[in-house]
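Written out below as structure tokens is the structure these notes cover.
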Number of protein chains: 2
Amino acid sequence: MRLSPRHPRYQSLVVRARLADAARTGLVVPEGLIAFGRAEAFDYLLGERTTPSAVDAIRAAARWLRAARHPVLSVNGNVAALAASQVARLQRSLPGLGVEVNLFHRTPLRVKLVLRALERAGVENVLGVRASGRITGLPSDRARVDRAGILVADVCVVPLEDGDRTRALRSLGKRVISIDLNPLSRTSREADLPIVDELTRSLRRLAVEVQRVPTGQVRRGRFARFDRKRALREAQATIARRLRQVARAR
Amino acid sequence: MRLSPRHPRYQSLVVRARLADAARTGLVVPEGLIAFGRAEAFDYLLGERTTPSAVDAIRAAARWLRAARHPVLSVNGNVAALAASQVARLQRSLPGLGVEVNLFHRTPLRVKLVLRALERAGVENVLGVRASGRITGLPSDRARVDRAGILVADVCVVPLEDGDRTRALRSLGKRVISIDLNPLSRTSREADLPIVDELTRSLRRLAVEVQRVPTGQVRRGRFARFDRKRALREAQATIARRLRQVARAR
């Protein structure tokens, strides 16, 4: 069936179709589609826009990334399918950013598909392809990391949810910036700096904000405090407000 | 990876894995997995239990089904993968209930897979396998219906979302009972009787309630009024309450 641009949910149907196609090639796994659906629901509840409190979180994340000695962005199948070009743009804005393939369901084929999607979009020096390192405390393939990447990173950006991993990274002393639309998820609750926003919007914004940080204010290894609880509370309040609005509009 | 029963989300991971398996056979389509994810998010927000207001809706639905001259339950890939045995049980409780295969993404293979899942669970006289009828106003394969089923039904149960279909069925004068966890979805807002609850829980409960309706109170073709707006408002209020609770608990 062809999608009609006049359908009330056209834009979201287009993204959905793109992800479904990525599932047919194997880039995205079934569990990834389910996770995407969960995210869609929360994005809808948040009004499908970057909230003011998410903008604050993105600005704080930009400062952390600039202050990091070794920042790494973790990429899974969904991130590669949805946001490869935004990842490339962020890397151009912050040339020191490591981009690492890190998969919950890891197979050589999927590593190759993620790598190809990233390289086609212009990402350089993709890490994690061989993944000779290992982090402790994780039962999944997520534990397999790059010795020049996540293993030695001081700041990790983990887009899309995986609560176990966020906890494992923090227990290794790394600062975790999550990007997850669910403000109640374990990821959002475990992260040092939770960005509650849709992936492509927040990466695009992050690329802009990273360049706006005044160089004079950047001190390597010094990270400004971030009020994570307030960020989550505000996301939850936005959802509650929107529920009331939609209920009234009928 | 094996799932650990000690994982905080074990039950939901088991259901998720079952659906992912069904996607590998082709019973469930990628879009079905995404829809399942959306539902998961709303179930989580509703507290993963049947709310008092959903119980009211299920009881009203039970009375409508008993009063119907020709009640039909529509089954797609997700329903067959998740709830075939609950469908069979409802049919045993209400022997006049037609069960019809109705697919958004219809192929002969998928029809066969749905049919097999239903028959294995004990559903009898499955309708919609040939689907020689057609309802107007629907651009998708959903339009293809059974002349002895949805085409002539007076009450249709449509589990899982499809806003366009709900509207098309209503415009043909049919009463639509939806089962959809999203109280803001077009399905929930278009249905005559929206049940905002998880599929297996609500079907199980419906099978019980159908038998509890006093026969003396049943009059064919007479349907008690149902306050649909109130049902949706209450579901929205439950979500807002739960958001506040979770926010406080941290």
Margin query: Taking every alpha carbon pair in chain A, what does the distance histogram look like in 5 angstrom bins from 0, in percent?
Written below: 1, 6, 14, 18, 20, 18, 12, 6, 3, 1, 0, 0
Next item on the list: First measure r as the distance between the Cβ atoms of A:Arg241 and B:Val55, then evaluate 1/(1 + (r/R0)^6) with R0 = 25 Å and state the FRET efficiency to the nearest 0.05.
Entry: 0.35
Item checked: Extension reserve of the B:Ala121-B:Leu109 stretch, reckoned as 0.36 nm per residue once the Cα distance is removed -> 2.5 nm
Next item on the list: Sort shortest first the distances from B:Arg92 to its counterpart in every other copy, using label points 7 Å along the Cα-to-beta-carbon line, and give them in nm.
Entry: 6.3
Next item on the list: Using per-residue counts of other Cβ atoms within 10 Å, averaged over each peptide, order A:163-171, B:139-147, A:148-156 from highest down.
Entry: A:148-156, A:163-171, B:139-147
Note to self: Please compute one quarter of the surface area of the Cα convex hull for the stretch B:124-175 and express it in square nanometres.
What the structure shows: 3.7 nm²
Item checked: Over the stretch A:69-155, equivalent-ellipsoid semi-axes from the Cα gyration tensor in Å -> 19, 16, 10
Next item on the list: Using only Cα positions of the stretch B:46-191, each an equal point scatterer, no hydration layer, compute I(q)/I(0) via Debye at q = 0.16, 0.19, 0.22 Å⁻¹ and quote the log10 values to two decimals.
Entry: -0.83, -1.21, -1.62
Check: For the stretch A:52-95, max minus min Cα coordinate along each principal axis, in Å, sorted largest first?
Finding: 27, 26, 16
Check: If the viscosity is 1.002 mPa s and the temperature 20 °C, what translational diffusion coefficient in µm²/s does Stokes-Einstein give for the protein assembly as shown when Rh comes from Kirkwood over Cα pairs?
Finding: 90 µm²/s
Next item on the list: Sort shortest first the distances from A:Arg130 to its counterpart in every other copy, using label points 7 Å along the Cα-to-beta-carbon line, and give them in nm.
Entry: 6.3
Notebook entry, point to check: Can you list, largest first and rounded to whole Å, the semi-axes you get for the stretch B:85-135 by taking the square root of 5 times each eigenvalue of its Cα gyration tensor?
Noted result: 20, 13, 8
Next item on the list: Would you compute the Debye intensity of the stretch B:116-250 from its alpha-carbon atoms alone, equal scatterers and no solvent, and pass along log10 I(q)/I(0) at q = 0.09, 0.13, 0.16 Å⁻¹ to two decimals?
Entry: -0.34, -0.69, -0.99
Notebook entry, point to check: Can you give me the relative contact order of chain A as a percent, contacts being Cα pairs under 8 Å and 6 or more apart?
Noted result: 24 percent
Note to self: Give me the three principal axis extents of the stretch A:13-75 from the C-alpha atoms, as integers in angstrom, largest value leading.
What the structure shows: 40, 30, 17
Note to self: Let's see if you can work this out: charge +1 on each Lys and Arg Cβ, -1 on each Asp and Glu Cβ, no other charges. What is the dipole magnitude of the protein assembly as shown about its Cα centre, in debye to the nearest 20?
What the structure shows: 800 debye
Checklist line | Ascending list, in nanometres, of distances separating the B:Pro5 label from those of the other copies (7 Å, Cα toward Cβ) | finding: 5.6
Check: For chain A, modelled as a GNM with alpha-carbon contacts under 10 angstrom, which of A:Ala121, A:Ala17, A:Ala235 fluctuates the most?
Finding: A:Ala17
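Any read-out appearing in this document is the output of simple, stated calculations on the displayed coordinates, not a laboratory observation. Because the structure is predicted, anything quoted here is derived from the model rather than measured. Ideal geometry is used to build each Cβ from the backbone, glycine not excepted, and the neighbour counts take in all protein chains shown.
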